[in-house]
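Okay, so here's the structure we're looking at.
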(Lines give C-alpha, C1' and ligand atoms only; values in the text may rest on other atoms or scores of the structure.)
Protein backbone atom coordinates (compact mmCIF):
# COMPACT_ATOMS: atom_id res chain seq x y z
CA UNK A 1 0.00 0.00 0.00
CA UNK A 2 1.45 3.36 -1.00
CA UNK A 3 2.00 6.00 1.64
CA UNK A 4 -0.66 8.68 1.90
CA UNK A 5 -1.75 11.30 4.39
CA UNK A 6 -4.32 10.15 6.93
CA UNK A 7 -7.34 11.79 8.52
CA UNK A 8 -8.56 9.91 11.60
CA UNK A 9 -11.93 11.03 12.96
CA UNK A 10 -13.21 9.71 16.27
CA UNK A 11 -16.48 10.43 18.01
CA UNK A 12 -17.36 9.52 21.58
CA UNK A 13 -20.04 7.03 22.61
CA UNK A 14 -21.55 6.37 19.18
CA UNK A 15 -23.82 3.32 19.18
CA UNK A 16 -22.85 1.46 15.95
CA UNK A 17 -26.48 0.70 15.14
CA UNK A 18 -27.36 4.39 14.99
CA UNK A 19 -26.18 5.04 11.47
CA UNK A 20 -28.58 5.09 8.56
CA UNK A 21 -26.02 3.20 6.47
CA UNK A 22 -26.14 0.48 9.15
CA UNK A 23 -29.88 0.15 8.63
CA UNK A 24 -31.24 2.18 11.54
CA UNK A 25 -34.80 3.22 10.66
CA UNK A 26 -34.59 6.66 12.30
CA UNK A 27 -30.94 7.80 12.39
CA UNK A 28 -30.03 10.55 9.93
CA UNK A 29 -26.29 10.46 9.25
CA UNK A 30 -25.84 11.53 5.60
CA UNK A 31 -22.17 12.43 5.82
CA UNK A 32 -21.06 9.17 7.39
CA UNK A 33 -23.31 7.37 4.91
CA UNK A 34 -21.41 9.13 2.12
CA UNK A 35 -18.08 8.05 3.61
CA UNK A 36 -19.31 4.46 3.89
CA UNK A 37 -20.36 4.52 0.24
CA UNK A 38 -16.82 5.59 -0.65
CA UNK A 39 -15.15 2.87 1.39
CA UNK A 40 -15.66 -0.12 3.68
CA UNK A 41 -17.86 -0.26 6.77
CA UNK A 42 -17.05 -2.88 9.41
CA UNK A 43 -20.13 -4.36 11.08
CA UNK A 44 -18.36 -6.45 13.75
CA UNK A 45 -16.16 -3.73 15.24
CA UNK A 46 -15.72 -3.42 19.00
CA UNK A 47 -14.04 -1.25 21.56
CA UNK A 48 -11.19 -2.69 23.63
CA UNK A 49 -13.01 -1.45 26.73
CA UNK A 50 -16.48 0.14 27.04
CA UNK A 51 -15.35 3.32 28.79
CA UNK A 52 -13.40 6.30 27.47
CA UNK A 53 -9.93 6.43 29.01
CA UNK A 54 -8.91 2.74 28.77
CA UNK A 55 -10.36 2.51 25.26
CA UNK A 56 -8.39 5.52 24.08
CA UNK A 57 -5.19 4.24 25.65
CA UNK A 58 -5.69 0.95 23.80
CA UNK A 59 -6.37 2.86 20.57
CA UNK A 60 -3.12 4.79 21.04
CA UNK A 61 -0.87 1.88 21.98
CA UNK A 62 -2.34 -1.06 20.07
CA UNK A 63 -2.44 -3.08 23.29
CA UNK A 64 -5.18 -4.56 25.43
CA UNK A 65 -6.13 -2.85 28.68
CA UNK A 66 -4.62 -5.59 30.86
CA UNK A 67 -1.32 -5.09 29.01
CA UNK A 68 -1.23 -1.33 29.61
CA UNK A 69 -2.71 -0.96 33.11
CA UNK A 70 -4.87 2.02 32.15
CA UNK A 71 -7.84 0.54 33.96
CA UNK A 72 -10.40 3.30 34.27
CA UNK A 73 -11.14 6.99 33.86
CA UNK A 74 -8.66 8.07 36.52
CA UNK A 75 -5.68 5.97 35.37
CA UNK A 76 -4.92 7.56 32.01
CA UNK A 77 -2.39 7.32 29.21
CA UNK A 78 0.70 9.45 29.82
CA UNK A 79 3.01 8.32 27.02
CA UNK A 80 5.08 5.68 28.81
CA UNK A 81 4.08 3.07 26.24
CA UNK A 82 4.86 4.00 22.63
CA UNK A 83 1.87 5.14 20.62
CA UNK A 84 1.37 5.18 16.87
CA UNK A 85 2.04 8.91 17.15
CA UNK A 86 5.55 8.29 18.47
CA UNK A 87 6.33 6.14 15.45
CA UNK A 88 5.02 8.80 13.07
CA UNK A 89 7.14 11.43 14.79
CA UNK A 90 10.23 9.25 14.47
CA UNK A 91 9.52 8.93 10.74
CA UNK A 92 9.32 12.71 10.35
CA UNK A 93 5.58 12.78 9.68
CA UNK A 94 3.63 15.74 10.99
CA UNK A 95 1.10 14.40 13.50
CA UNK A 96 -1.33 16.61 15.39
CA UNK A 97 -4.63 16.28 17.26
CA UNK A 98 -7.69 18.47 17.50
CA UNK A 99 -10.25 17.82 20.23
CA UNK A 100 -10.74 15.15 22.88
CA UNK A 101 -7.86 12.83 23.73
CA UNK A 102 -8.75 11.87 27.32
CA UNK A 103 -5.15 11.16 28.24
CA UNK A 104 -3.62 12.34 31.52
CA UNK A 105 -2.51 15.85 30.58
CA UNK A 106 -1.33 17.92 27.64
CA UNK A 107 2.25 18.11 28.87
CA UNK A 108 2.76 14.34 28.63
CA UNK A 109 4.70 13.04 25.58
CA UNK A 110 1.86 11.08 24.00
CA UNK A 111 2.96 11.27 20.37
CA UNK A 112 1.59 14.52 18.97
CA UNK A 113 3.60 17.44 17.64
CA UNK A 114 0.78 19.69 18.79
CA UNK A 115 -2.55 19.23 20.56
CA UNK A 116 -5.25 21.76 19.65
CA UNK A 117 -7.88 22.45 22.37
CA UNK A 118 -7.30 19.01 23.92
CA UNK A 119 -9.66 17.54 26.49
CA UNK A 120 -7.97 15.32 29.07
CA UNK A 121 -9.05 13.88 32.41
CA UNK A 122 -9.88 16.67 34.85
CA UNK A 123 -6.71 18.20 36.35
CA UNK A 124 -4.74 15.09 35.39
CA UNK A 125 -6.67 13.19 38.07
CA UNK A 126 -10.09 12.34 36.65
CA UNK A 127 -13.06 10.82 38.43
CA UNK A 128 -11.18 8.98 41.15
CA UNK A 129 -14.37 8.14 43.06
CA UNK A 130 -15.43 5.79 40.27
CA UNK A 131 -12.39 3.61 41.05
CA UNK A 132 -14.08 2.68 44.35
CA UNK A 133 -15.32 -0.82 43.60
CA UNK A 134 -15.36 -4.06 45.58
CA UNK A 135 -11.97 -3.29 47.17
CA UNK A 136 -13.94 -1.43 49.87
CA UNK A 137 -17.12 -3.55 50.14
CA UNK A 138 -18.59 -1.96 53.25
CA UNK A 139 -18.13 1.51 51.84
CA UNK A 140 -19.18 0.60 48.29
CA UNK A 141 -22.48 -0.90 49.39
CA UNK A 142 -23.28 2.30 51.31
CA UNK A 143 -22.74 4.60 48.32
CA UNK A 144 -25.81 6.58 47.22
CA UNK A 145 -27.74 4.89 44.44
CA UNK A 146 -29.61 7.93 43.08
CA UNK A 147 -28.67 10.98 41.05
CA UNK A 148 -25.91 9.56 38.92
CA UNK A 149 -25.31 7.08 36.15
CA UNK A 150 -28.34 6.28 34.03
CA UNK A 151 -30.65 8.46 36.10
CA UNK A 152 -28.55 11.58 35.62
CA UNK A 153 -28.18 11.00 31.90
CA UNK A 154 -31.92 10.63 31.33
CA UNK A 155 -33.07 13.43 33.62
CA UNK A 156 -30.86 16.08 31.99
CA UNK A 157 -31.82 15.19 28.41
CA UNK A 158 -33.51 17.67 26.11
CA UNK A 159 -32.99 20.36 23.51
CA UNK A 160 -30.43 23.17 23.58
CA UNK A 161 -26.70 23.76 23.61
CA UNK A 162 -24.09 22.30 25.97
CA UNK A 163 -20.40 22.78 26.51
CA UNK A 164 -19.92 19.67 24.36
CA UNK A 165 -21.82 20.95 21.31
CA UNK A 166 -19.99 24.28 21.54
CA UNK A 167 -16.70 22.40 21.87
CA UNK A 168 -17.37 20.17 18.86
CA UNK A 169 -18.20 23.13 16.64
CA UNK A 170 -14.81 24.58 17.60
CA UNK A 171 -13.12 21.24 16.89
CA UNK A 172 -14.66 21.24 13.41
CA UNK A 173 -13.66 24.88 12.86
CA UNK A 174 -10.04 24.17 13.71
CA UNK A 175 -9.94 20.96 11.68
CA UNK A 176 -11.22 22.77 8.59
CA UNK A 177 -8.62 25.51 9.06
CA UNK A 178 -5.89 22.93 9.60
CA UNK A 179 -6.73 21.05 6.41
CA UNK A 180 -6.80 24.25 4.35
CA UNK A 181 -3.39 25.17 5.75
CA UNK A 182 -1.98 21.67 5.10
CA UNK A 183 -2.86 21.93 1.40
CA UNK A 184 -0.23 24.61 1.02
CA UNK A 185 2.54 22.69 2.78
CA UNK A 186 4.70 20.07 1.15
CA UNK A 187 4.96 17.54 3.99
CA UNK A 188 3.24 14.29 4.91
CA UNK A 189 0.71 14.44 7.72
CA UNK A 190 -1.63 12.52 9.98
CA UNK A 191 -4.42 14.45 11.68
CA UNK A 192 -6.51 13.06 14.54
CA UNK A 193 -9.84 14.91 14.86
CA UNK A 194 -11.78 13.85 17.94
CA UNK A 195 -15.33 14.95 18.72
CA UNK A 196 -16.97 14.43 22.10
CA UNK A 197 -20.58 14.09 20.93
CA UNK A 198 -22.84 12.09 20.97
CA UNK A 199 -21.55 11.53 24.52
CA UNK A 200 -23.92 12.82 27.18
CA UNK A 201 -25.10 15.35 28.39
CA UNK A 202 -27.95 14.48 26.05
CA UNK A 203 -28.65 18.06 25.03
CA UNK A 204 -29.10 18.43 21.27
CA UNK A 205 -29.33 21.73 19.35
CA UNK A 206 -32.85 22.54 18.16
CA UNK A 207 -32.33 21.79 14.47
CA UNK A 208 -31.06 18.31 15.29
CA UNK A 209 -33.41 17.53 18.19
CA UNK A 210 -36.33 18.41 15.91
CA UNK A 211 -35.29 15.70 13.45
CA UNK A 212 -36.62 13.15 15.95
CA UNK A 213 -40.18 13.81 17.20
CA UNK A 214 -40.37 12.65 20.79
CA UNK A 215 -43.70 10.89 20.31
CA UNK A 216 -42.16 8.77 17.53
CA UNK A 217 -39.26 7.52 19.63
CA UNK A 218 -39.23 3.81 20.52
CA UNK A 219 -39.26 2.56 24.08
CA UNK A 220 -35.88 1.36 25.36
CA UNK A 221 -35.03 -2.19 24.41
CA UNK A 222 -35.70 -4.65 27.25
CA UNK A 223 -36.91 -1.74 29.36
CA UNK A 224 -38.90 -1.62 32.58
CA UNK A 225 -42.14 -2.60 30.83
CA UNK A 226 -40.61 -5.83 29.49
CA UNK A 227 -40.10 -9.12 31.29
CA UNK A 228 -36.32 -8.83 31.04
CA UNK A 229 -34.38 -10.13 34.03
CA UNK A 230 -30.91 -8.64 34.31
CA UNK A 231 -27.91 -10.95 34.65
CA UNK A 232 -26.73 -10.77 38.30
CA UNK A 233 -23.54 -8.89 37.32
CA UNK A 234 -25.59 -6.32 35.42
CA UNK A 235 -28.14 -6.14 38.23
CA UNK A 236 -25.35 -5.26 40.66
CA UNK A 237 -24.07 -2.57 38.29
CA UNK A 238 -27.58 -1.18 37.80
CA UNK A 239 -28.00 -0.92 41.55
CA UNK A 240 -25.02 1.46 41.57
CA UNK A 241 -26.32 3.45 38.60
CA UNK A 242 -30.02 3.78 39.25
CA UNK A 243 -32.26 4.94 36.41
CA UNK A 244 -35.34 2.75 36.68
CA UNK A 245 -37.40 5.63 38.10
CA UNK A 246 -37.23 7.57 34.83
CA UNK A 247 -40.59 7.75 33.08
CA UNK A 248 -41.24 6.43 29.56
CA UNK A 249 -41.56 10.04 28.38
CA UNK A 250 -38.13 10.89 29.82
CA UNK A 251 -36.63 7.91 28.03
CA UNK A 252 -38.21 9.05 24.76
CA UNK A 253 -36.80 12.55 25.22
CA UNK A 254 -33.39 11.04 25.94
CA UNK A 255 -33.57 8.93 22.78
CA UNK A 256 -34.53 11.95 20.67
CA UNK A 257 -31.64 13.92 22.15
CA UNK A 258 -29.16 11.09 21.62
CA UNK A 259 -30.18 10.60 18.00
CA UNK A 260 -30.08 14.37 17.60
CA UNK A 261 -26.50 14.39 18.85
CA UNK A 262 -25.61 11.61 16.42
CA UNK A 263 -26.88 13.82 13.60
CA UNK A 264 -25.14 16.89 15.07
CA UNK A 265 -21.85 14.99 15.21
CA UNK A 266 -22.42 13.72 11.67
CA UNK A 267 -22.81 17.32 10.51
CA UNK A 268 -19.45 18.25 12.05
CA UNK A 269 -17.84 15.25 10.37
CA UNK A 270 -19.37 16.44 7.11
CA UNK A 271 -17.76 19.84 7.52
CA UNK A 272 -14.35 18.22 7.99
CA UNK A 273 -14.78 15.88 5.02
CA UNK A 274 -15.85 18.83 2.85
CA UNK A 275 -12.76 20.77 3.93
CA UNK A 276 -10.57 17.82 2.94
CA UNK A 277 -12.29 17.70 -0.45
CA UNK A 278 -12.27 21.45 -1.03
CA UNK A 279 -8.58 21.71 -0.12
CA UNK A 280 -7.76 19.34 -2.98
CA UNK A 281 -6.41 16.62 -0.70
CA UNK A 282 -9.13 13.98 -0.89
CA UNK A 283 -7.17 11.98 -3.45
CA UNK A 284 -3.98 12.03 -1.37
CA UNK A 285 -5.47 11.17 2.02
CA UNK A 286 -7.20 8.12 3.46
CA UNK A 287 -9.94 8.55 6.04
CA UNK A 288 -10.89 6.52 9.13
CA UNK A 289 -14.04 7.12 11.16
CA UNK A 290 -14.70 5.32 14.44
CA UNK A 291 -15.71 5.86 18.07
CA UNK A 292 -14.13 4.96 21.39
CA UNK A 293 -17.15 2.85 22.48
CA UNK A 294 -20.90 2.67 22.08
CA UNK A 295 -23.97 3.74 24.10
CA UNK A 296 -26.63 1.55 25.67
CA UNK A 297 -29.35 4.10 24.87
CA UNK A 298 -31.65 2.74 27.56
CA UNK A 299 -31.30 -0.95 26.67
CA UNK A 300 -31.67 -3.19 29.75
CA UNK A 301 -32.16 -0.11 31.94
CA UNK A 302 -28.73 1.32 31.05
CA UNK A 303 -27.68 4.65 29.64
CA UNK A 304 -23.95 5.12 29.16
CA UNK A 305 -21.60 2.22 28.45
CA UNK A 306 -19.78 -0.14 30.90
CA UNK A 307 -21.19 -3.46 29.62
CA UNK A 308 -20.28 -5.94 26.89
CA UNK A 309 -23.58 -5.97 25.03
CA UNK A 310 -23.61 -4.87 21.40
CA UNK A 311 -24.95 -1.36 22.04
CA UNK A 312 -22.09 -0.41 24.37
CA UNK A 313 -19.14 -2.49 23.19
CA UNK A 314 -19.85 -2.26 19.48
CA UNK A 315 -18.40 0.72 17.61
CA UNK A 316 -18.89 2.19 14.15
CA UNK A 317 -15.90 1.83 11.84
CA UNK A 318 -15.45 3.10 8.27
CA UNK A 319 -12.26 3.30 6.20
CA UNK A 320 -12.04 5.00 2.80
CA UNK A 321 -9.48 6.14 0.28
CA UNK A 322 -6.89 4.83 -2.14
CA UNK A 323 -6.57 1.02 -2.38
CA UNK A 324 -9.78 0.50 -0.39
CA UNK A 325 -12.90 -1.02 -2.01
CA UNK A 326 -15.97 1.19 -2.31
CA UNK A 327 -19.41 0.53 -0.87
CA UNK A 328 -18.57 -2.73 0.86
CA UNK A 329 -19.18 -4.16 4.32
CA UNK A 330 -16.52 -6.19 6.13
CA UNK A 331 -17.64 -8.84 8.63
CA UNK A 332 -14.20 -9.61 10.08
CA UNK A 333 -14.28 -9.04 13.86
CA UNK A 334 -12.01 -6.18 14.91
CA UNK A 335 -11.26 -3.89 17.87
CA UNK A 336 -9.45 -0.65 18.57
CA UNK A 337 -6.11 -2.44 18.99
CA UNK A 338 -6.16 -2.77 15.20
CA UNK A 339 -5.85 1.02 14.80
CA UNK A 340 -2.11 0.97 15.56
CA UNK A 341 -1.02 -1.20 12.60
CA UNK A 342 -3.57 0.55 10.37
CA UNK A 343 -2.19 4.03 11.01
CA UNK A 344 1.41 2.89 10.59
CA UNK A 345 0.55 1.12 7.35
CA UNK A 346 -0.96 4.33 5.97
CA UNK A 347 2.41 5.97 6.57
CA UNK A 348 4.30 2.95 5.17
CA UNK A 349 6.03 2.36 8.52
CA UNK A 350 6.90 -1.19 9.47
CA UNK A 351 5.99 -2.33 12.97
CA UNK A 352 9.09 -3.55 14.82
CA UNK A 353 8.90 -7.32 15.32
CA UNK A 354 9.71 -7.06 19.01
CA UNK A 355 6.48 -5.19 19.73
CA UNK A 356 4.37 -8.37 19.30
CA UNK A 357 1.12 -6.44 19.04
CA UNK A 358 -2.22 -8.28 18.68
CA UNK A 359 -3.63 -6.04 15.96
CA UNK A 360 -3.96 -6.20 12.18
CA UNK A 361 -4.49 -3.35 9.72
CA UNK A 362 -8.05 -2.40 8.84
CA UNK A 363 -6.84 -1.67 5.34
CA UNK A 364 -5.69 -5.27 4.95
CA UNK A 365 -8.95 -6.61 6.38
CA UNK A 366 -10.91 -4.41 3.96
CA UNK A 367 -9.11 -6.00 1.02
CA UNK A 368 -9.29 -9.62 2.16
CA UNK A 369 -12.15 -12.12 2.38
CA UNK A 370 -14.08 -11.92 5.64
CA UNK A 371 -12.42 -13.87 8.44
CA UNK A 372 -15.40 -14.69 10.62
CA UNK A 373 -13.31 -16.84 12.97
CA UNK A 374 -11.01 -13.99 13.96
CA UNK A 375 -11.33 -13.17 17.67
CA UNK A 376 -12.38 -9.76 18.91
CA UNK A 377 -11.56 -9.28 22.61
CA UNK A 378 -12.71 -6.62 25.05
CA UNK A 379 -12.50 -6.17 28.83
CA UNK A 380 -13.87 -3.88 31.54
CA UNK A 381 -12.64 -3.05 35.04
CA UNK A 382 -14.09 0.39 35.76
CA UNK A 383 -16.81 2.62 37.20
CA UNK A 384 -18.22 0.67 40.16
CA UNK A 385 -18.40 -2.63 38.31
CA UNK A 386 -18.68 -5.60 40.68
CA UNK A 387 -15.81 -7.50 39.00
CA UNK A 388 -13.89 -7.79 35.76
CA UNK A 389 -15.91 -8.46 32.62
CA UNK A 390 -14.43 -9.96 29.43
CA UNK A 391 -15.84 -10.49 25.94
CA UNK A 392 -14.94 -12.80 23.08
CA UNK A 393 -16.63 -12.39 19.69
CA UNK A 394 -15.83 -15.16 17.24
CA UNK A 395 -18.00 -16.50 14.47
CA UNK A 396 -21.67 -16.42 15.32
CA UNK A 397 -21.20 -16.42 19.09
CA UNK A 398 -20.40 -13.85 21.72
CA UNK A 399 -19.12 -15.02 25.11
CA UNK A 400 -19.11 -12.71 28.15
CA UNK A 401 -17.10 -13.85 31.16
CA UNK A 402 -17.71 -12.30 34.59
CA UNK A 403 -15.33 -12.96 37.48
CA UNK A 404 -17.41 -14.46 40.29
CA UNK A 405 -20.59 -14.78 38.20
CA UNK A 406 -21.98 -17.15 35.60
CA UNK A 407 -21.07 -16.28 32.00
CA UNK A 408 -23.33 -15.32 29.12
CA UNK A 409 -23.33 -16.82 25.62
CA UNK A 410 -25.30 -15.40 22.70
CA UNK A 411 -25.82 -16.63 19.16
CA UNK A 412 -25.74 -13.31 17.33
CA UNK A 413 -26.95 -14.83 14.07
CA UNK A 414 -30.27 -16.03 15.49
CA UNK A 415 -30.42 -13.60 18.44
CA UNK A 416 -28.80 -10.29 17.39
CA UNK A 417 -30.55 -8.43 20.23
CA UNK A 418 -28.91 -10.69 22.87
CA UNK A 419 -32.14 -11.71 24.58
CA UNK A 420 -31.43 -15.44 25.04
CA UNK A 421 -28.47 -16.40 27.21
CA UNK A 422 -27.40 -19.89 26.12
CA UNK A 423 -24.82 -20.48 28.86
CA UNK A 424 -27.17 -22.69 30.87
CA UNK A 425 -28.24 -24.80 27.88
CA UNK A 426 -26.49 -28.17 27.90
CA UNK A 427 -26.60 -28.24 24.09
CA UNK A 428 -24.06 -25.39 24.10
CA UNK A 429 -21.74 -26.77 26.80
CA UNK A 430 -18.96 -27.53 24.31
CA UNK A 431 -19.26 -24.06 22.76
CA UNK A 432 -19.10 -22.47 26.20
CA UNK A 433 -15.94 -24.41 27.08
CA UNK A 434 -14.33 -23.58 23.72
CA UNK A 435 -14.95 -19.86 24.11
CA UNK A 436 -13.66 -19.81 27.67
CA UNK A 437 -10.53 -21.53 26.37
CA UNK A 438 -10.19 -18.81 23.69
CA UNK A 439 -10.46 -16.20 26.43
CA UNK A 440 -7.75 -17.83 28.53
CA UNK A 441 -5.30 -17.78 25.62
CA UNK A 442 -5.49 -13.99 25.88
CA UNK A 443 -5.92 -13.29 29.58
CA UNK A 444 -6.11 -14.86 33.03
CA UNK A 445 -9.43 -13.30 34.07
CA UNK A 446 -9.06 -13.75 37.82
CA UNK A 447 -5.45 -12.56 37.97
CA UNK A 448 -6.17 -9.50 35.84
CA UNK A 449 -9.26 -8.66 37.89
CA UNK A 450 -7.04 -8.68 40.96
CA UNK A 451 -4.42 -6.49 39.26
CA UNK A 452 -7.04 -3.91 38.38
CA UNK A 453 -8.52 -3.91 41.88
CA UNK A 454 -5.09 -3.59 43.47
CA UNK A 455 -4.15 -0.63 41.26
CA UNK A 456 -7.44 1.12 41.94
CA UNK A 457 -7.22 0.45 45.66
CA UNK A 458 -3.71 1.91 45.75
CA UNK A 459 -4.98 5.01 43.94
CA UNK A 460 -7.85 5.48 46.40
CA UNK A 461 -5.59 4.98 49.41
CA UNK A 462 -3.07 7.46 47.99
CA UNK A 463 -5.84 10.03 48.18
CA UNK A 464 -6.82 9.29 51.76
CA UNK A 465 -9.21 6.38 51.32
CA UNK A 466 -12.77 6.15 50.02
CA UNK A 467 -14.32 8.40 52.67
CA UNK A 468 -11.78 11.14 51.93
CA UNK A 469 -12.22 10.78 48.18
CA UNK A 470 -16.01 11.09 48.38
CA UNK A 471 -15.83 13.97 50.86
CA UNK A 472 -13.54 15.94 48.57
CA UNK A 473 -15.33 15.52 45.26
CA UNK A 474 -14.77 18.63 43.17
CA UNK A 475 -17.84 17.87 41.08
CA UNK A 476 -20.70 15.41 41.01
CA UNK A 477 -20.80 15.59 37.20
CA UNK A 478 -20.66 12.22 35.49
CA UNK A 479 -18.86 13.50 32.40
CA UNK A 480 -15.47 15.14 31.88
CA UNK A 481 -15.77 18.95 31.63
CA UNK A 482 -14.30 20.97 28.82
CA UNK A 483 -11.08 22.57 30.15
CA UNK A 484 -11.60 26.07 31.56
CA UNK A 485 -9.19 27.69 29.10
CA UNK A 486 -11.05 26.02 26.21
CA UNK A 487 -14.53 26.87 27.51
CA UNK A 488 -13.56 30.56 27.53
CA UNK A 489 -12.85 30.33 23.79
CA UNK A 490 -16.20 28.80 22.88
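The values are calculated or read from the model by the stated rules, or taken from the named source; none is laboratory data. These numbers were taken from a predicted model, which means no experiment stands behind them. Cβ atoms come from the backbone with ideal geometry, glycine included; neighbour counts cover every protein chain shown.
Would you list the helices (runs of 4 or more DSSP H) that sit entirely within region 39-110 and hold 3 or more residues that are out of contact with any strand residue (DSSP E or B) (no Cβ under 8 Å at 6 or more places or on another chain) and surrounded by fewer than 24 Cβ atoms within 10 Å (Cβ to Cβ)?
Once the helices (runs of 4 or more DSSP H) in region 39-110 are filtered for at least 3 residues that are out of contact with any strand residue (DSSP E or B) (no Cβ under 8 Å at 6 or more places or on another chain) and surrounded by fewer than 24 Cβ atoms within 10 Å (Cβ to Cβ), what remains is 84-90.
It is to be established whether one or more residues within region 205-221 are surrounded by 17 or more Cβ atoms within 10 Å (Cβ to Cβ), under 30 Å from residue 404 (Cβ atoms) and in contact (Cβ under 8 Å) with a residue 12 or more places away in the chain.
Yes: region 205-221 contains one or more residues that are surrounded by 17 or more Cβ atoms within 10 Å (Cβ to Cβ), under 30 Å from residue 404 (Cβ atoms) and in contact (Cβ under 8 Å) with a residue 12 or more places away in the chain.
So if I check each of 202, 222, 237, which one is under 24 Å from residue 307 (Cβ atoms) and modelled with pLDDT of 95 or more?
So the residue among 202, 222, 237 that is under 24 Å from residue 307 (Cβ atoms) and modelled with pLDDT of 95 or more is 202.
Taking residue 366 and the conditions (1) assigned to a loop (DSSP other than H, G, I, E, B); (2) modelled with pLDDT of 95 or more, which numbered condition does it fall short on, given that it satisfies the others?
Of everything listed in (1) assigned to a loop (DSSP other than H, G, I, E, B); (2) modelled with pLDDT of 95 or more, residue 366 misses just condition (1).
Checking residue 200 against (1) touching a residue at least 24 places away in the same chain (Cβ under 8 Å); (2) assigned to a helix (DSSP H, G or I): exactly one of these is not met. Which one?
(2)
If you scan region 21-34, which residues turn out to be in contact with a helix residue (DSSP H, G or I) (Cβ under 7 Å, 6 or more places away or on another chain) and either more than 15 Å from residue 289 (Cα to Cα) or buried (at least 22 other Cβ atoms within 10 Å of the Cβ) (or both)?
Within region 21-34, 26, 27, 28, 29, 32 meet the criteria.
Could you check how many residues of region 274-296 are closer than 19 Å to residue 255 by Cα and in contact with a helix residue (DSSP H, G or I) (Cβ under 6 Å, 6 or more places away or on another chain)?
3
Residues that are within 25 Å of residue 237 (Cβ to Cβ) and either out of contact with any helix residue (DSSP H, G or I) (no Cβ under 9 Å at 6 or more places or on another chain) or at pLDDT below 95 (or both): does region 156-174 have at least one?
Within region 156-174, one or more residues are within 25 Å of residue 237 (Cβ to Cβ) and either out of contact with any helix residue (DSSP H, G or I) (no Cβ under 9 Å at 6 or more places or on another chain) or at pLDDT below 95 (or both).
Report, by residue number, each residue of region 385-397 that is under 17 Å from residue 441 (Cβ atoms) and touching a strand residue (DSSP E or B) at 6+ places or on another chain (Cβ under 9 Å).
Of everything in region 385-397, those that are under 17 Å from residue 441 (Cβ atoms) and touching a strand residue (DSSP E or B) at 6+ places or on another chain (Cβ under 9 Å) turn out to be 388, 390, 391, 392, 393, 394, 397.
Each row is one residue, and each column tells you yes or no for (1) buried (at least 19 other Cβ atoms within 10 Å of the Cβ); (2) under 14 Å from residue 335 (Cα atoms); (3) in contact (Cβ under 8 Å) with a residue 24 or more places away in the chain.
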residue	(1), (2), (3)
363	yes, yes, yes
377	yes, yes, yes
389	yes, no, yes
392	yes, yes, yes
395	no, no, no
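If we keep just the residues of region 421-448 that are in contact (Cβ under 8 Å) with a residue 60 or more places away in the chain and in contact with a helix residue (DSSP H, G or I) (Cβ under 6 Å, 6 or more places away or on another chain), which is surrounded by the most Cβ atoms within 10 Å (Cβ to Cβ)?
Residues of region 421-448 in contact (Cβ under 8 Å) with a residue 60 or more places away in the chain: 421, 438-439, 442-443, 448.
From what's left, in contact with a helix residue (DSSP H, G or I) (Cβ under 6 Å, 6 or more places away or on another chain): 443, 448.
On the way: 443: 19, 448: 21.
Looking at the filtered set, the residue picked out is 448.
Can we say residue 479 is touching a strand residue (DSSP E or B) at 6+ places or on another chain (Cβ under 9 Å) and farther than 23 Å from residue 410 by Cα?
Answer is yes for this residue.
For residue 227, only one of the following conditions fails: (1) over 27 Å from residue 9 (Cβ atoms); (2) touching a helix residue (DSSP H, G or I) at 6+ places or on another chain (Cβ under 7 Å). What is its number?
Unmet for residue 227, out of (1) over 27 Å from residue 9 (Cβ atoms); (2) touching a helix residue (DSSP H, G or I) at 6+ places or on another chain (Cβ under 7 Å): (2).
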